[in-house]
Amino acid sequence: MEMVILSGKIMSEPETKIDKNGNHYIRFRVSCLKKRGNEEKYTIYRCYSYNTAEFSDAKMGDSIFLAGDLDITRREDSNGTVWTNNDVYVKQVSIIRSTRK
């Protein structure tokens, strides 16, 4: 595994799931912006955490800073399109709530 530190925006509502062993975890996606000169590129990370209490009030659009284990996998679908999945198993997190009404 590789350890990463990310700064980005939560781009999907965090949802609680139950794994095959009956443990609750939360999953969500984070979008991170990379700028090089005039070029902007967004990278999407699928994030997971068993510390669901940290995310009790997290919403789409909140800023997030996190550290975790990175697992990159590639797969090809039936149409021949190659997909890269960037999965992060969150170890530490800090969330800055967006202003919402």
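I'm trying to understand the selection: among the residues of the range 50-60, which are of a type in the set (F, W, Y) and either assigned to a strand (DSSP E or B) or open to solvent by less than 80 Å² (accessible area, probe 1.4 Å) (or both)? The answer is F55, and nothing else. Here F55 does not fit the description of being under 16 Å from D87 (Cβ atoms) and either in contact with an Asp or Glu (Cβ under 7 Å, 6 or more places away or on another chain) or of a type in the set (A, V, I, L, M, F, W, C) (or both). Cβ-Cβ contacts under 7 Å between residues 6 or more apart (or on different chains), taken from a first residue in the range 55-84 that is under 16 Å from I26 (Cβ atoms) to a second residue that is surrounded by 14 or more Cβ atoms within 10 Å (Cβ to Cβ) and aromatic (F, W, Y), are listed as G68/Y89; D69/Y89.
For the range 79-101, give me each residue that is within 19 Å of I44 (Cβ to Cβ) and exposed (fewer than 12 other Cβ atoms within 10 Å of the Cβ). Before the answer, list the steps.
To start, the set of residues in the range 79-101 that are within 19 Å of I44 (Cβ to Cβ) comprises 81-90, 93, 95, 98.
Result: T81, V82, W83, T84.
The values are calculated or read from the model by the stated rules, or taken from the named source; none is laboratory data. The structure displayed is predicted, hence computed values, not measured ones. All Cβ positions, glycine included, derive from the backbone under ideal geometry; neighbour counts span all protein chains shown. To get the accessible areas, we keep the full protein, side chains included, count just its heavy atoms, and leave off ligands, DNA and RNA. Shrake-Rupley method; radii C 1.70, N 1.55, O 1.52, S 1.80 Å.
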